[in-house]
Amino acid sequence: MKKVLKNFKGHRHLCFLDFEGTQFSHEMIAYGAIFVTIDKNGFIVKEKKPIKRLVKAKNQIGKFVENLTGITRLDLDRFGVTFSTAMKDLKKYCGMHFKGCTFLTFGNHDLKILGQSMSYNLDTPKDICNIIRSNYVDLQNIIAEFIRDDHGNPYSLTNYLTVFNLEFDGQAHDPEYDAVNLARLYDAFMKNNEVVLTEFEKNLQRTTFHLTPVDTTIRRLLNGETVTSEEFKEYLKEYIE
């Protein structure tokens, strides 16, 4: 899908990310990532084994996030690394393609977690974080242009997978599994044009375009009718009179 590939700046390497953050300060407590290579059509042709890191946040996690993710302060104290080390590990994981990689998340909250974590850590490797920020793409935002629920809202990651007849693989809110399933969603989205087209038509049927001539024309077309240029001009004329 050419429209999607335009977001990648010609990059042939993608890194799907999921950041988990504290409840109130939104400081990173963990991340999961999976690095893939795509062909000229945007299809995944190679992928690395995913990685996961627990990150020693300076702020409290919060009970809601603790219950949601299963990550506790004890886990961070025992197995966590500093934010600086975590970011350096991510760069090392991506290897020589780090600077020429597009980083994809589901929603823009992950970018907020990255920014908050940078502010809480004086030893932040800013060069690494800024490369992620400058090559960042919100995959949810891209897919939501074509596929939304009956109320016009974007689906959750799990429900987007369901649209493509896929089940969530692994434990939800585990950052490694969230990253892997985000890559699976991307792969399904790129390979199933018929599903995307069908859902896009549904989305258009539910959308109000605010301009009556446009709204009327699109709905007639979606209903299988033919609308001539003369008819469309007549709609425009009626609209301005």
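Read-outs: derived from the displayed coordinates by stated rules, not from any lab. Keep in mind it's a predicted model, so treat the numbers as computed, not measured. Backbone-built Cβ (ideal geometry, glycine too); neighbour counts: all protein chains shown.
List of remarks:
- Computed Kirkwood radius, in angstrom, where 1/r is averaged over Cα pairs of segment 86-214: 16.7
- Counting only Cβ charges, +1 for Lys and Arg and -1 for Asp and Glu, the dipole size of segment 92-241 around its Cα centre is about 500 debye.
- Comparing E199, E145, E230 in a Gaussian network model of the chain where C-alpha atoms under 10 Å apart are linked, the largest mean-square fluctuation is found at E230.
- Cα-projected label distance for H151 with T37, points at 7 Å along beta-carbon direction, nm: 4.4
- Net charge in the neighbourhood of I29 (other residues with Cβ under 11 Å of its Cβ; Lys, Arg +1, Asp, Glu -1) is 0.
- Residue with peak Gaussian network fluctuation, the chain [Cα springs, cutoff 10 Å], from M118, M96, M87: M96
- GNM top mover of D89, D110, D178 - the chain, alpha-carbon springs below 10 Å: D89
- Take every pair of alpha-carbon atoms less than 8 Å apart whose residues are at least six positions apart; their mean separation over the length of segment 90-183 yields a relative contact order of 27 percent.
- The HN-Hα couplings worked out from phi for segment 154-168 by the Karplus form 6.51 cos²θ - 1.76 cosθ + 1.60 (θ = phi - 60°) are x, 7, 6, 4, 4, 6, 5, 4, 4, 4, 9, 6, 10, 9, 5 Hz, whole numbers, x standing for Gly and Pro.
- Placing a pseudo-label 7 Å from each Cα along the Cα-to-Cβ vector at I218 and L74 gives an inter-label distance of 5.4 nm.
- For segment 1-106: relative contact order, % (alpha-carbon pairs under 8 angstrom, 6 or more apart): 31
- Pairs from K88/K126; K9/K52; K2/K49; K91/K126; K6/K191 whose Cα-Cα separation, in the structure shown, is over 19 Å: K9/K52; K2/K49
- Within straight-line cross-link reach of K48, aspartates and glutamates at Cα separation under 20 Å, skipping those fewer than 8 residues along the same chain: D18, D39, D89, D169, D174, E176, D178, D187
- Here the Karplus relation 6.51 cos²θ - 1.76 cosθ + 1.60, evaluated at θ = phi - 60°, turns the backbone of segment 51-66 into coupling constants of 10, 9, 9, 8, 10, 6, 6, 7, 9, 5, 6, x, 4, 4, 5, 4 Hz, with x for every Gly and Pro.
- Label separation (K46 vs F64): 4.3 nm, computed from points 7 Å beyond Cα along the C-beta direction.
- Net charge of neighbours whose Cβ lies under 10 Å from the Cβ of T105, counting Lys and Arg as +1 and Asp and Glu as -1: -4
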